[in-house]
1. Counting other beta carbons within 10 Å of each Cβ, put ASP156, ASP165 in order, fewest first.
2. If we count every other residue with Cβ under 11 angstrom of ASP100's Cβ, Lys/Arg +1 and Asp/Glu -1, where does the sum land?
3. How much length is gained if the chain between MET1 and TYR104 is pulled fully straight, taking 0.36 nm per residue apart and subtracting their Cα-Cα distance, in nm to one decimal?
4. Can you give the local net charge around PHE191? Use residues other than it whose beta-carbon is closer than 14 angstrom to its beta-carbon, Lys and Arg +1, Asp and Glu -1.
5. Only residues of the range 169-185 count here: report those whose backbone N is under 12 Å from the spot 7 Å along Cα→Cβ of GLU22, or say none.
6. Under the rule of at least 5 residues apart or a separate chain, name every residue whose amide H is placed under 5 Å from the amide H of VAL157.
7. Going by Cα centres, the range 1-41 and the range 53-120 are how many Å apart?
8. I want the local charge near THR90. Using Cβ-Cβ distances under 14 Å, sum +1 for each Lys or Arg and -1 for each Asp or Glu among the other residues.
Amino acid sequence: MKFELEPLPYAKSALAPHLTEETLSFHYDKHHNAYMTNLKNALAGKPEAEQTLEQIIKGASGPLFNNAAQVWNHDFYWKSMKPNGGGEPTGALADAIKRDFGSYAEFRGKFAEAAVKQFASGWAWLVVDGGKLAITTTSNAETPLTKGQKALITCDVWEHAYYIDYRNLRAKYLDTFLDKLVNWDFAAANFK
Ligand code: MN3
């Protein structure tokens, strides 16, 4: 397969002031792009070069897994946000959140808490696991793809995702993600 970085689903300035153009420039052009470059280098001359990204993630370990999973996780993260996002979902996803967490407020608190408590680098996710919604976190490049879970939304909690705009205040970044950025349309499409 020929791997190229997927374009961002919006302009780099589109999430400002919540995430600035500087953050998206560093995060997409430097970090995400580096994972893609490293993936291509790791694939050179290997049979996995013929596989899809998902196949590589499910079969690989070490640097090949890390870079492939980080490419996938970041594509998923960009789609998990949108300009004028945030707030509560509607429709079937809203019903499922109420069913599995009690209320949106309960879900919101638990998602933010899990994301803030994830030690060091990683990701916070809303997933479908065994027919129920669940909040999970993963370390480094780990991804629900390898755990039999269906990802609906993710928040990148590596420091590079928020340090330019929020410095050490991960909780403030999470509040902004949930109240101003999260793309429930994307989550609902994944939930279908
Ligand atoms: Mn990142």
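The numbers here are math on the coordinates, done by the rules we state, and not lab data. The structure presented is a predicted model; accordingly, all values stated were derived computationally and were not measured. Cβ sites come from the backbone with ideal geometry, for glycine too, and all protein chains shown count toward neighbours.
1. ASP165, ASP156
2. +1
3. This chain segment gains 33.0 nm when fully extended.
4. With Lys, Arg at +1 and Asp, Glu at -1, the net is +2.
5. Under cut-off, by backbone N: nothing.
6. Here GLY122, TRP123, ALA124 satisfy the definition.
7. Cα centres, the range 1-41 to the range 53-120: 18 Å.
8. -1
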